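Novice: Quick one: this structure, given as structure tokens, is what I'll be asking you about.
The values are calculated or read from the model by the stated rules, or taken from the named source; none is laboratory data. Just so we're clear, the structure is a prediction, and the values are computed from it rather than from any experiment. Here the Cβ positions follow ideal geometry from the backbone for every residue, glycine too, while neighbour counts run over all protein chains shown. Heavy atoms of the whole protein, side chains included, go into the accessibility calculation; ligands, DNA and RNA do not. Shrake-Rupley method; radii C 1.70, N 1.55, O 1.52, S 1.80 Å.
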Amino acid sequence: MKINCVIIDDEPLAISVIKSHLQEFQNITIVATFNNPLEAIDTLENKNIDVLFLDINMPKMSGLDFLKSVPVKPHVIITTAYREFAADSYDLDVLDYLVKPIPFPRFLKSINKLTQQLHLNKNIQNTPSRDDSYIFLKVDKKLVKVKYDDILYIESLKDYIKVCTVNGNNIVHKSLTSITEELPDNNFLRIHRSFTIAINKVNSIEGNSLEISGKRIPIGRKYINNTKQIILKTTDL
């Protein structure tokens, strides 16, 4: 999926940081950048823009005032040095709120959230194949695109996780809690402090464990009732 974006920020350095982060995503195109939000109105009205990266504290008009007045709004990701405007911004239905300086791992989480939302919108409009849904994972020094439907399960390895897929395994510096929150909860389920699984990949359940692709995975005591209820409800087991 191609994603078109616009950046509005009165600080050139802040724009440079966002542009640098976006270079890691080949499917994202920066259509335009602006130092003044009023100059962006024509682009937002006449171009197909999917996401707007928007600063709050700017001269002439703040980012929040701009959102209240702009007639055409794509998904909005706030980029600001001020934490105190978060509640006000979410009242305006922003997708995410990033506080400067923006570390790349946090930016990546925001892009994955954006991707999920765009796919959800596309599903509602066109009902495409679920194979179109994916997440970016930072493996070593590169971003790897992994389709949701290829994931079998995810195992915690202390400060890392192992994402096991039908095509092989990826080791990622991320917590199991964090990756589970980024995955669609209708497809994935936390079943143990060390495991999150793809619900539709479960082959069998026996006692306090289940099997996926020949791998026997334990089910934690506090997860057992919920796990069995969800899996038996959503699969043919």
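Novice: More than 18 Å apart: what percent of Cα pairs in region 106-237 qualify?
Specialist: Numbers: 4687 of 8646 pairs.
When every Cα pair of region 106-237 is considered, 54 percent fall beyond 18 Å.
Novice: Would you list, by chain and number, the aspartates and glutamates whose Cα falls below 20 Å from the Cα of Lys222, excluding same-chain residues fewer than 8 positions away?
Specialist: Glu155, Glu181, Asp185, Glu206, Glu211
Novice: Let me ask something additional. Compare the Cα positions of Met58, Val172, Val76 along the charge dipole of the chain (+1 at Cβ of Lys, Arg; -1 at Cβ of Asp, Glu; about the Cα centre) and return the one farthest towards the positive end.
Specialist: Selected residue: Val172.
Novice: For region 181-222, just the Cα set please: Rg and Dmax, both in angstrom.
Specialist: 10.0, 29
Novice: May I pose another question? Using a probe of 1.4 angstrom, how much of the accessible area of region 1-60 is carbon and sulfur, in percent? Walk me through the numbers on the way to the answer.
Specialist: Working: 1350 of 3070 Å².
Percent of accessible area from carbon and sulfur atoms in region 1-60: 44.
Novice: Then there's this: How many Å² of accessible area per residue for the chain, probe 1.4 Å? It would help to have the intermediate numbers written out before the result.
Specialist: Numbers: 12670 Å² over 237 residues.
Averaged over the residues of the chain, the accessible area is 53 Å².
Novice: So, R0 is 30 Å and r is the distance between the beta-carbons of Lys228 and Lys73; what FRET efficiency does that work out to, to 0.05?
Specialist: Details: r = 43 Å, r/R0 = 1.43.
After rounding to 0.05, the efficiency reads 0.10.
Novice: Which lysines does Lys47 reach when only Cα atoms under 22 Å apart count, and residues fewer than 8 places away in its own chain are ignored?
Specialist: Output for Lys47: Lys2, Lys19, Lys68, Lys73, Lys122.
Novice: At 0.36 nm per residue, minus the direct Cα-Cα distance, what do Leu157 and Arg83 gain on full extension? Give it in nm, one decimal, please. Before the final figure, lay out the partial values.
Specialist: Details: separation 74, 0.36 × 74 = 26.64 nm, distance 3.23 nm.
Here the segment from Leu157 to Arg83 would lengthen by 23.4 nm.
Novice: Next question, about the same structure. Below 12 angstrom from the Cβ of His173, what's the summed charge of the other residues (Lys, Arg +1; Asp, Glu -1)? Don't jump to the answer; show the numbers that get you there.
Specialist: Numbers: positive: Lys138, Lys141, Lys158, Lys162, Lys174; negative: Asp140, Asp159.
That sum, taken over residues with Cβ under 12 Å, equals +3.
Novice: Near Lys162, which lysines are there with a Cα under 22 Å away, not counting those fewer than 8 places off in the same chain?
Specialist: Hits, sequence-local ones excluded: Lys109, Lys113, Lys138, Lys141, Lys142, Lys145, Lys147, Lys174, Lys201, Lys215.
Novice: What 222 nm value per residue comes from the helices of the chain, counting each DSSP H run with n ≥ 4 as -39,500 (n - 2.57) and dividing by all residues, nearest 500 deg cm²/dmol?
Specialist: -8500 deg cm²/dmol
Novice: Report, in whole Å, the centroid distance computed from the Cα atoms of region 171-237 and region 88-118.
Specialist: Each part reduced to its Cα centre gives a spacing of 27 Å.
Novice: Ok, one more. Please work out the Kirkwood hydrodynamic radius for region 167-237, using every pair of different C-alpha atoms, and report it in angstroms with one decimal place. Mind showing how you got there, number by number?
Specialist: Values: mean 1/r = 0.0790 Å⁻¹.
Averaging 1/r across every pair of different Cα atoms and inverting gives 12.7 Å.
Novice: For Gly220, which sequence-distant residues (separation of 5 or more, or a different chain) have an amide H within less than 5 Å of its own amide H, given hydrogens modelled in the peptide plane?
Specialist: Those qualifying (amide H under 5 Å, at least 5 residues apart or on another chain) are His192, Arg193.
Novice: A follow-up question, please. For region 133-200, take the alpha-carbon Rg, divide it by the Kirkwood Rh, and send me Rg/Rh.
Specialist: Values: Rg = 10.7 Å, Rh = 11.7 Å.
Rounded to two decimals, Rg/Rh equals 0.91.
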